[in-house]
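Read the structure below first, then the notes.
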Amino acid sequence: MFSPSKAGFRRLLPLLRPHMRRLTWGGVCMLIYVGCWPLLAWLAGQLIPAIGAGELILVIKVIALALCVFLVQKLAQFGQDIMLAGPALRVSQDLRRDLFAQLQKVELRALEKLSSGDLTYRLTEDADRVGEVIYKTIQDTTPSALQLLAVFAYMVWLDWQLSLATLLLAPLVAILVSQFGARVMKAAERSQQQVSDLAGLLGEAIQGLPLVRAFAAEPWLQKRFDAEVDLHRQARYKTLRLLALQHPVVGFIEAAGILTVLAIGAARIQSGGMDGQSFSSYVAALLMLIDPISHLTTNFNEFQQGQASLSRLREIEREPREPPDLEHAQPLGRLKGDLLLSHVSYGYEPDQLVLHDLCLEVKAGQVVALVGPSGAGKSTLFSLLLRFNTAQQGRILLDGHQLSQVKAQELRRQVALVPQRTTVFSGSVAEAIRFGRQVSDQKVKEAASLANAHDFIMGLPDGYSTQLEERGTNLSGGQLQRVAIARAVLGNPAVLLLDEATSALDAEAEAAVQLGLRRAMQGRTVLVIAHRLATVQEADQIVVLDQGRICDLGSHDELMARTGRYRELCERQMIRDLQSATTIH
């Protein structure tokens, strides 16, 4: 029953060290609270015979003394709960904070495979459950265990032979609780996994409701949701059924034990081995064991469920992390933007390369377009430039600094990304552009002006203080992209990475965003992922990628002048554009 936690609750003990002063005072209050129980049992032994004998004055004295003991005990219990609650909640808070910090360091490719609904459940419900276990262990389980020991020690002092008979029943109760606990833990793991699956489906459903309606797929989605809800109900019912079965079984064993002890006690009194007063105290003490046993049983079940939650939280720690900074990382300083790739190869799996022997030189201030079919390695190259991943072979140099030898945060302050799909957090427009950086309002406005966003922002109800709705739904796609451009140029980066920032926009919005991009690109090294080849014709260099290799390189005119992959892609795209135009007209 009290075997070490497989989930690693012991690893949480260091989180309690900063709170030793409060824990010590809480422990003192706990000892006073526990010490009052044997005293109350003794007073019960004095009270019952006095009531039977009709000694009213003695009864009043004993009751008055008992009330004083109760008062001290309850004050101690209050002090215990107040002193111990703070550290327990702090541990839960620190655990959640540490896990979120670790989540931010998980390798992006691994993170993309995780369900956002599942992660949300783990960092909310699972973390709360672990916090409850920590709190109850400190505030309830520990004093209950000490009460059990203190009261039973008093019973042994009263009559060790009768206590030996009582003790014989304890292993049976412990075995039953342990068996139930193991089954409860397995059932809880299944139930929590079903809740995670349900949360994941809910996240997908809420985000995809417009698409569901567009395809009239509501019955299909409702059927999937009903199936998940039913699986969750079944898993939860199994847990509750086990808990429902445990209470009467353990309760019956406890009742049988008490009745057996009463019968043995009657025999001990008849044989002269024990007097009525001592037996009254013994029975009172025996009744005082019921409550802590009940608490320990309930808390053990919750502890088992908490182990399942902690195990799920620990899985986050086992996810692969992005490469850490070297111990003696080089300072970057202000960069110009010279970029050099020398024989760079990379694969998400060591034996399955995505990029093969890339060699590329980009001068500061140049605009370089990366083109090629899906899966050619364009986005992977961006992930290497942002050092989300590190090349297995070759070197990537920025102004002569090898990326693997500089601090990631310093690098990312000078290499800015404008993604294809803009993500913004709730808050004001100014906060979305500032994105946690400590800069003045004037700098924010300058970045917005550079991104061609200032005018539309000033037209919003509260200007830069306008609150963005979830996922920025109160802004259009073109407005969101210009906010993203302003966010990227706010830190005056030396290198700008553009991931086809206008591909999902209409012509009017694209024109506004393109103006912002042209302003933002001035004086910076720019790498553009382009699927629409008409947008890259003015690039200084066009790099054609195919299956992770550079198969062609040059300006638009140079590449069109020779037969190659780029010309083939242009011709295919031109045919598609012509066909689309014919269809429209």
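General remarks:
- Set of lysines with alpha-carbon distance to K136 below 20 Å, sequence-local pairs under 8 removed: K6, K74
- Percent accessible area from carbon and sulfur atoms, the chain, protein chains only, probe 1.4 Å: 59
- Applying a DSSP loop filter and a limit of 16 other Cβ atoms within 10 Å to the trypsin sites (Lys or Arg not before Pro) in the stretch 420-468 leaves R421, R437.
- Restricting the GluC sites (Glu not before Pro) of the stretch 261-357 to loop positions (DSSP other than H, G, I, E, B) with no more than 15 neighbouring Cβ atoms within 10 Å leaves E327.
- Counting only Cβ charges, +1 for Lys and Arg and -1 for Asp and Glu, the dipole size of the stretch 1-154 around its Cα centre is about 480 debye.
- Legend: calculated FRET efficiency, Q93 to D357, from the Cβ-Cβ distance at R0 = 45 Å, rounded to 0.05, equals 0.40.
- Cα lying deepest toward the dipole's positive end in the chain, options T525, A41, V354, charges on Cβ: A41
- Check: the chain dipole with +1 on Lys, Arg Cβ and -1 on Asp, Glu Cβ, in debye: 840
- Net length gained if the chain between W220 and L114 were fully extended (0.36 nm per residue, minus Cα distance): 35.8 nm
- Heavy atoms of the protein chains alone define the surface here; on that basis the chain has 53 Å² accessible area per residue at 1.4 Å probe size.
- Compared with the dominant principal axis of the Cα atoms in the chain, helix 127-136 is inclined by about 20°.
- Rounded to the nearest 20, the Cβ-based charge dipole of the stretch 344-481 about its Cα centre (Lys and Arg +1, Asp and Glu -1) stands at 240 debye.
- Segment R519..V156, full-extension length gain: 122.0 nm, with 0.36 nm per residue of separation and the alpha-carbon distance subtracted.
- Cα lying deepest toward the dipole's positive end in the chain, options V249, A376, Q270, charges on Cβ: Q270
- Degrees between helix 507-521 axis and first principal axis of the chain (Cα, 0 to 90, nearest 10): 90
- Residue separation of H343 and L245 scaled by 0.36 nm, minus their Cα-Cα distance, works out to 28.6 nm of gained length.
- Averaging over all projection directions, the Cα-based convex hull of the chain occupies 37.7 nm² in the image plane.
- Positive-pole candidate from P87, M30, I60, dipole of the stretch 21-116, charges at beta carbon: P87
- In the chain, the DSSP beta bridges split such that about 55 percent are antiparallel, to the nearest 5.
- With a threshold of 29 Å on the Cα-Cα distance, the over-threshold entries among K378/K445; K363/K407; K105/K363; K105/K223 are K378/K445; K105/K363; K105/K223.
- Rounded tilt (10° steps) of 20-53 against the dominant C-alpha axis of the chain: 30
- Semi-axes of the equivalent ellipsoid for the stretch 394-532, Cα gyration tensor, largest first, Å: 26, 18, 13
- Spin-label model distance (nm) - S426 vs L13, 7 Å beyond Cα toward Cβ: 4.1
- Taking amide H as placed 1.01 Å from N in the peptide plane, the amide H of V528 sits under 5 Å from that of V368, A369, L370, L498, each at least 5 places away or on another chain.
- Modelled label reach - I206, point 7 Å along Cα→Cβ, the stretch 124-153 residues with backbone N closer than 19 Å: 124-128
- Approximate spin-label separation S465-I32, in nm, with each point projected 7 Å along Cα-to-Cβ: 5.2
- Radius of gyration (Cα atoms) of the stretch 57-101, expressed as a multiple of 2.2 N^0.38 Å: 2.08.
The values are calculated or read from the model by the stated rules, or taken from the named source; none is laboratory data. Quick caveat: nothing in here was measured; it's all calculated off a predicted structure. Cβ coordinates were reconstructed from backbone atoms using ideal geometry, including for glycine residues, and neighbour counts include every protein chain displayed. Note: accessible area is taken over every heavy atom of the protein model, side chains too, but ligands, DNA and RNA are not part of it. Shrake-Rupley method; radii C 1.70, N 1.55, O 1.52, S 1.80 Å.
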